[in-house]
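The values are calculated or read from the model by the stated rules, or taken from the named source; none is laboratory data. Just so it is clear, the structure is predicted and the values come from calculations on it, not from any experiment. Please note: Cβ atoms are built from the backbone with ideal geometry, for glycine as well, and neighbour counts cover all protein chains shown.
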Amino acid sequence: MSTCKIGSLDPDALELFASLEAMAAGIVSKQLTDAGHPVGPTTVKDHRARRCACTRKVDVDAIVAPPADVPEAKRQARTQAPSGWSPRAEYDSVDGGYIVSAPWETGQPEPSEVELLAERGMDPQRWAVTSVRYSEWEQSKRLENGDRDVITLHAKRVNIAPCVRGTGVTDVDLLPLFTERRADDHAARARQVGGIGAPGVFMHVGGDYQLGKTDGDGVAGTVQRFMDALDYGRERLAWLRTRHTIDTVCLPHLGDCIEGYVSQGGRNAGRTTYATSEQVDLLIHLLCEQVAHYAPLADRLIVPIIPGNHDEEARNPDGLEHHSWATFAAKQLRRTLRMAGSAYDHVRIVTPAPGELTLALDLEGVTTAMLHGHQHGPGKAQQWLKDQHHGGHLVGEARLLLEAHHHHLEVEQPGIKTSVGIPALEGESRWWRHRKGEQSPPGMVTMLVGEHLGRPITYRDGLTVRTGWDHLAVA
């Protein structure tokens, strides 16, 4: 009987065969063949069953055993790291994760946590080490002369989480921005008598506050602009009332009210300060300040709040984009005003219906659509409006569309329908500046909306329709 092919393998191939002891014969055959030792599945089965004419003792331990003078421990040492301790990293910028280091031998220096982060291009200033776990094991190692020895290896698993870095701005710093702008004389803020011109709704429109973002002048700068815009808005309203009858004030907030930690796959975490709850708390504070500012100045106050992509509670495939921190803040504002008493009975907080991201409101005879703007690409607002009309949706009937998201002022009026993209209130987007070189001036928009406002458009049949808005200005 001829010699068994497995029995004739060299020591390295025999070691490979031994390491595949638990595998099916077909898999062993393929592994050996790929390694340059063609062996059929039947040969493997016969060898395992001791039915072959093998010139060597068919015993796995004997095949891989070192010479008799080698200690027993070196025969039984593992040839690879224990399960879960191979070098790897798994993390995201929302919940963090872990890094498993490469193993080091006893006597070699232990890699520091900073080195492990730096190896993966991660800024140690943006990641916090929450815990470290160690493992130690013995492993077989081939020496330069071909012999094998047993060494002791060590590895560490470093659990990490993204840092929420502060800008040095505290509630104590922000409080004067609110208190210093409260009018001492309530009578000075009383509603003025309306003018004799066409009636309209005074709009004070904001969006893309992204509270918590550190780019530009950060949170303090955004809050400063928000409060300054209140002063401007009061003065603008007073001036417009000398020319128009204005009973209703509308304060739309068009999304991305907080920076959050879900946008861009969480990559914005390093440029964000305050925890999500603190960002939302600051947003509620600003909303309360704005309502308290305008409530004495109007017979009717409408506060629409729209969810944006930064406001999302979480990114998931379940279509829950409307689960938004912005609309959560709206609910808290509504509860606060209800408890504040009759002074705010004329205030109405409006949010999209569950599962929806847009609003369509009748403002003095003008159907006005409100959305964040991430539903379409840059410059596509009019096409989006046409598509909504084609689909029979209420927002498609709008004569005026208000949106944010694109961070710059854009007014498009190809016909009777006007789309207004408002600027962001945040200081800047460093990412966008690096990508496009653009840095648009921040601000909020004020305007007057009403059926009898704006330039007239006369059609061939003699029908004349006005655009429905006028007096647009940036605060």
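Could you go through the range 285-301 and let me know if any residue there is under 13 Å from residue 212 (Cβ atoms), under 17 Å from the mean Cα position of the chain (by Cα) and modelled with pLDDT of 90 or more. Within the range 285-301, not a single residue is under 13 Å from residue 212 (Cβ atoms), under 17 Å from the mean Cα position of the chain (by Cα) and modelled with pLDDT of 90 or more. If I filter the range 52-66 for residues that are modelled with pLDDT under 85 and of a type in the set (Lys, Arg), do I get at least one hit? Among the residues of the range 52-66, at least one is modelled with pLDDT under 85 and of a type in the set (Lys, Arg), which makes the answer yes.
Per the conditions (1) touching a residue at least 40 places away in the same chain (Cβ under 8 Å); (2) in contact with an Asp or Glu (Cβ under 8 Å, 6 or more places away or on another chain), the sole criterion not satisfied by residue 382 is (1). For the range 370-377, check the following and say yes or no: at least one residue is under 30 Å from residue 441 (Cβ atoms), without any contact (Cβ under 8 Å) to a residue 60 or more places away in the chain and surrounded by fewer than 16 Cβ atoms within 10 Å (Cβ to Cβ). So far as the range 370-377 goes, yes, one or more of its residues are under 30 Å from residue 441 (Cβ atoms), without any contact (Cβ under 8 Å) to a residue 60 or more places away in the chain and surrounded by fewer than 16 Cβ atoms within 10 Å (Cβ to Cβ).
Quick check: anything in the range 424-438 closer than 30 Å to residue 237 by Cα, in the same structural domain as residue 230 (by TED's automatic domain parsing) and not in a loop (DSSP other than H, G, I, E, B)?
No, every residue in the range 424-438 fails to be closer than 30 Å to residue 237 by Cα, in the same structural domain as residue 230 (by TED's automatic domain parsing) and not in a loop (DSSP other than H, G, I, E, B).
Residue 117 falls short on exactly one of the conditions (1) closer than 28 Å to residue 19 by Cβ; (2) at pLDDT below 90, and that condition is (1). Residue check: is residue 149 among the acidic types (Asp, Glu) and either loosely packed, with under 12 Cβ neighbours inside 10 Å or modelled with pLDDT under 80 (or both)? So residue 149 does not fit the description; no. Tallying residues that are in a helix (DSSP H, G or I) and touching a Phe, Trp or Tyr at 6+ places or on another chain (Cβ under 6 Å) within the range 220-248 yields 2. Scanning the range 434-452 for residues that are under 18 Å from residue 221 (Cα atoms) and out of contact with any strand residue (DSSP E or B) (no Cβ under 6 Å at 6 or more places or on another chain), we see that the one that is modelled with the lowest pLDDT is 439.
Restricting the first member to the range 110-137 and to residues that are without any contact (Cβ under 8 Å) to a residue 40 or more places away in the chain and closer than 16 Å to residue 95 by Cα, and the second to residues that are among the basic types (Lys, Arg) and surrounded by 12 or more Cβ atoms within 10 Å (Cβ to Cβ), the beta-carbon pairs closer than 9 Å and six or more apart or on different chains are 131/157. Regarding residue 299, is this residue within 25 Å of residue 393 (Cβ to Cβ), surrounded by fewer than 16 Cβ atoms within 10 Å (Cβ to Cβ) and not aromatic (Phe, Trp, Tyr)? It is false that residue 299 is within 25 Å of residue 393 (Cβ to Cβ), surrounded by fewer than 16 Cβ atoms within 10 Å (Cβ to Cβ) and not aromatic (Phe, Trp, Tyr).
Test residue 47 against the criterion of being at pLDDT 75 or above, in a loop (DSSP other than H, G, I, E, B) and either among the acidic types (Asp, Glu) or over 48 Å from the mean Cα position of the chain (by Cα) (or both), and give yes or no.
no
Candidates 282, 287: the one that is in contact with a helix residue (DSSP H, G or I) (Cβ under 7 Å, 6 or more places away or on another chain), surrounded by 19 or more Cβ atoms within 10 Å (Cβ to Cβ) and either assigned by TED's automatic domain parsing to the domain that holds residue 407 or acidic (Asp, Glu) (or both) is 287. Scanning the range 353-409 for residues that are more than 27 Å from the chain's Cα centre (by Cα) and assigned to a loop (DSSP other than H, G, I, E, B) yields 364, 365, 391, 392, 393, 398, 399. Within the range 326-352, track down each residue that is in a helix (DSSP H, G or I), β-branched (Val, Ile, Thr) and buried (at least 20 other Cβ atoms within 10 Å of the Cβ). Hit for the range 326-352 is 327, nothing else. Within the range 270-316, being without any contact (Cβ under 8 Å) to a residue 12 or more places away in the chain and in a loop (DSSP other than H, G, I, E, B) holds for one residue alone: 316.
Scanning the range 231-242 for residues that are surrounded by fewer than 20 Cβ atoms within 10 Å (Cβ to Cβ) and closer than 24 Å to residue 406 by Cβ yields 232, 236.
Taken together, 183, 161 contain a single residue that is outside any helix (DSSP H, G or I), under 27 Å from the mean Cα position of the chain (by Cα) and either at pLDDT 90 or above or not hydroxyl-bearing (Ser, Thr, Tyr) (or both), which is 161.
Taking the range 410-431 as the range and being surrounded by fewer than 16 Cβ atoms within 10 Å (Cβ to Cβ) and under 19 Å from the mean Cα position of the chain (by Cα) as the test, the residues that pass are 430, 431.
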